[in-house]
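Peer 1: Right, I'll just put the structure down here and ask away after.
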Amino acid sequence: MESERTISESDGARLFVRALETEGVEYIFAVPGEENLALLEALRTSDIQLILNRHEQAAGFMAATYGRLTGKVGVCLSTLGPGATNLVTAAAYAQLGGMPMMMVTGQKPIKSSKQGLFQILDVVDLMRPLTKYTRQISNANTIPAKVREAFRLAAEERPGAVHLELPEDIAAERPHDDNHIFAASDARRPTASTKSLDIACDMLREARHPLIMIGAGANRKRVSRALLHLVNSTDIPFFTTQMGKGVIDERHPRYLGNAALSSGDFVHCAIDEADLVINVGHDLVEKPPFFMHPGGKKVIHVNFSGANVDAVYFPQHEVVGDIANSVEYLAEHCGRCGGHDFSRLMRVKSAVDEHLMDKAGDDSFPLLPQRIVSDVRQAVPEDGIIALDNGMYKLWFARNYPAYDNNTVLLDNALASMGAGLPSAMMAAMLYPDRRVVAVCGDGGFMMNSQEMETAVRLGLNLVVLIINDSAYGMIKWKQAQEGFETFGLDYGNPDFVAYARSYGASGERVERAEDLLPRLRAALSAGGVRLLEVPVDYRENRRVFDEELPSLTCRL
């Protein structure tokens with residue numbers, strides 16, 4: 001019988017965990033390996049909760065979503081080699097989406113190893129283009145400094161992903177007894193200069209048809225309050241990018257719509273009419289909602305950092321600093337302007353409102369996307385959260401689903417990875433157990449991390465998983481048809497989703513009539529636990545609405 005391995009009370013792994021505790025870490029999402037065993041032992045007696053996932057990608061998606069929802073750094077853990085490579089997509093998800101996340105990966109001993117190059121990859125170099133900071137810890141005494149630096153950079157604007165590799169022998173190494181753990185810093189974001197703010201006010205007063213665009217960087221409580229103040233103070237209409245949904249309650253009379261498409265939608269008529277766009281919190285990482293042209297409209301860039309100039313985005317003025325402070329200043333000092341004319345912009349709003357009601361009550365089966373979105377909105381309470389995976393339905397929800405508060409619609413339009421919807425919803429359900437949470441997934445995206453249903457059941461989450469089923473990669477089929485190609489290579493079979501959910505200990509139901517979706521959604525949300533609803537979708541509306549109807553309607557405005 002092998003003797004039990006003894007772990008020092010003051011080894012590198014315990015120092016690492018103490019540094020995480022000092023940073024206020026609540027959870028570590030993990031698929032551990034043998035190279036992480038010392039760290040696991042240190043976590044066993046820690047207040048940090050270990051969440052065991054079924055795939056590293058899902059662990060990373062949950063950590064990134066924790067960062068998105070809390071503003072604090074989410075932490076995930078994997079072993080070396082294949083465990084680390086499975087975190088790559090989640091790293092890109094956090095980095096492009098501006099979500100603070102730290103990845104911790106294991107490694108074979110670096111001072112002496114008897115396993116040759118088995119499972120050895122240069123993970124630090126692998127993570128370099130995907131992170132703000134990536135380092136191997138080669139001495140236990142450097143653990144506190146590296147942890148503090150990683151957390152600082154992950155949370156600092158623009159937030160993103162960082163990575164630390166903790167080799168097996170360094171985790172077991174005894175650090176100096178006087179090793180110092182660094183306290184988390186409390187740095188304040190810099191405020192934009194008064195001169196740049198006053199120039200923005202002057203540009204706003206000189207404009208005839210100004211318009212406010214709200215992006216992902218504005219999706220924070222303080223910014224929400226400041227933007228509402230600005231809109232109410234100036235009467236300027238606003239629209240949102242996909243990741244800016246809900247920053248201001250979309251029932252507001254000045255809300256024009258969501259730029260779910262890059263061009264050709266109703267909201268683009270308003271953008272074309274505007275002579276000044278005040279861009280709050282959007283940057284080029286998220287798919288551009290409109291394209292600039294030399295000599296065209298002016299753009300004011302309001303963000304935490306300067307603009308990345310591109311052929312389609314080159315703002316004439318920048319207000320760089322804390323967004324909430326900048327917007328509050330504009331609200332207090334710009335004021336209403338008698339020279340503004342919003343009549344054409346508001347005609348766009350009327351057209352949008354009428355269009356979005358089309359077929360919302362249609363009883364055909366399989367269900368139309370408009371009916372699905374309408375029923376979800378009716379079922380989900382005002383503070384409820386929907387987390388969308390990536391697929392055709394994401395465009396329908398972005399356009400047709402009015403969000404009432406910030407971060408109540410979790411979607412990704414930066415990396416736009418499939419497989420993120422279920423883990424993101426699980427994280428929301430963990431953080432807000434008293435709020436109703438729905439994961440809205442296509443059948444394709446759901447199957448990419450469907451194994452996390454077991455994790456959700458094991459954690460006792462209250463979560464509804466709505467699977468929109470077309471037995472195909474529907475968005476790519478739509479694009480294929482747009483390009484004039486024959487339908488090919490995008491259809492597949494699916495499991496029995498109801499039986500699949502029940503095999504994990506969740507409940508499962510299949511919607512077989514349009515009129516059943518709303519009552520079953522409401523019942524599932526009220527019942528609690530993990531509940532799956534499968535609803536068949538008819539995506540013929542994609543072509544009719546986006547390719548045929550919108551071009552003919554918007555050109556009349």
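Every number here is computed from the coordinates shown, using simple stated rules; none is lab data. Fair warning: this is a prediction, and the values are worked out from it, not measured in the lab. Note that each Cβ is placed from the backbone with ideal geometry, even for glycine, and that neighbours are counted across all protein chains shown.
Peer 1: Once you have a ≥ b ≥ c as the square roots of the Cα gyration tensor eigenvalues for segment 194-352, tell me rounded if a/c is under 1.5, and otherwise prolate or oblate according to whether a/b is larger than b/c.
Peer 2: rounded
Peer 1: Do any of LYS132/LYS195; LYS72/LYS146; LYS72/LYS245; LYS108/LYS146; LYS297/LYS479 go past 23 Å between their Cα atoms, and which?
Peer 2: Working: LYS132/LYS195 31 Å; LYS72/LYS146 17 Å; LYS72/LYS245 21 Å; LYS108/LYS146 19 Å; LYS297/LYS479 30 Å.
Among LYS132/LYS195; LYS72/LYS146; LYS72/LYS245; LYS108/LYS146; LYS297/LYS479, the Cα-Cα distance tops 23 Å for LYS132/LYS195; LYS297/LYS479.
Peer 1: If you don't mind, there's one more thing I want to ask. For LYS477, give me every one of the aspartates and glutamates with a C-alpha distance below 12 angstrom, ignoring sequence neighbours fewer than eight places off in its own chain.
Peer 2: The reachable aspartates and glutamates, counting only those whose Cα sits under 12 Å from LYS477, are GLU486, ASP491.
Peer 1: Once the chain is represented by equal point scatterers at the alpha-carbon sites, with solvent omitted, what log10 I(q)/I(0) does the Debye formula produce at q = 0.06 Å⁻¹?
Peer 2: Here the Debye-derived log intensity ratios amount to -0.32.
Peer 1: Just for the Cα atoms in segment 266-401, what are the lengths along the principal axes, largest first, rounded to whole Å?
Peer 2: Computed over segment 266-401, the largest-to-smallest principal extents equal 50, 32, 32 Å.
Peer 1: Hey, what number do you get for the chain at 222 nm if only DSSP H runs of n ≥ 4 count, each worth -39500 (n - 2.57), divided across all residues, to the nearest 500?
Peer 2: Estimated from H runs of four or more residues: -10500 deg cm²/dmol.
Peer 1: Rounded to whole Å, give me the distance from the Cα center of segment 417-461 to that of segment 499-557.
Peer 2: Cα centroid of segment 417-461 versus Cα centroid of segment 499-557: 16 Å apart.
Peer 1: Report, in whole Å, the centroid distance computed from the Cα atoms of segment 144-168 and segment 67-109.
Peer 2: Centre-to-centre (Cα) distance: 10 Å.
Peer 1: For segment 184-248 and segment 291-323, compute the distance between their C-alpha centroids and round to whole Å.
Peer 2: 13 Å
Peer 1: What is the sum of charges around GLY74, taking Lys and Arg as +1, Asp and Glu as -1, for the other residues whose C-beta is under 13 Å from the C-beta of GLY74?
Peer 2: Once all neighbours under 13 Å are counted, the net charge is 0.
Peer 1: How large is Rg over Rh for segment 12-172, taking Rg from the Cα atoms and Rh as the Kirkwood inverse mean of 1/r across Cα pairs? Could the numbers behind the result be given before it?
Peer 2: Numbers: Rg = 13.9 Å, Rh = 15.0 Å.
Using Cα coordinates only, the ratio equals 0.93.
Peer 1: Could I ask something else about it? Eigenvalues of the Cα gyration tensor times 5, then square-rooted: what semi-axes does that give for segment 486-557, in whole angstrom, largest first?
Peer 2: 34, 19, 9
Peer 1: Another question about this same structure. Looking at segment 193-294, which chymotrypsin sites (Phe, Trp or Tyr not before Pro) are DSSP coil and have at most 15 other C-beta atoms within 10 Å of their C-beta?
Peer 2: The qualifying sites are PHE291.
Peer 1: Can I ask one more? Among DSSP bridges having both ends in the chain, what percentage is antiparallel? Round to the nearest 5. Spell out each step's value before the answer.
Peer 2: On the way: 2 of 69 bridges.
Taking every DSSP beta bridge within the chain, about 5 percent pair in antiparallel fashion.
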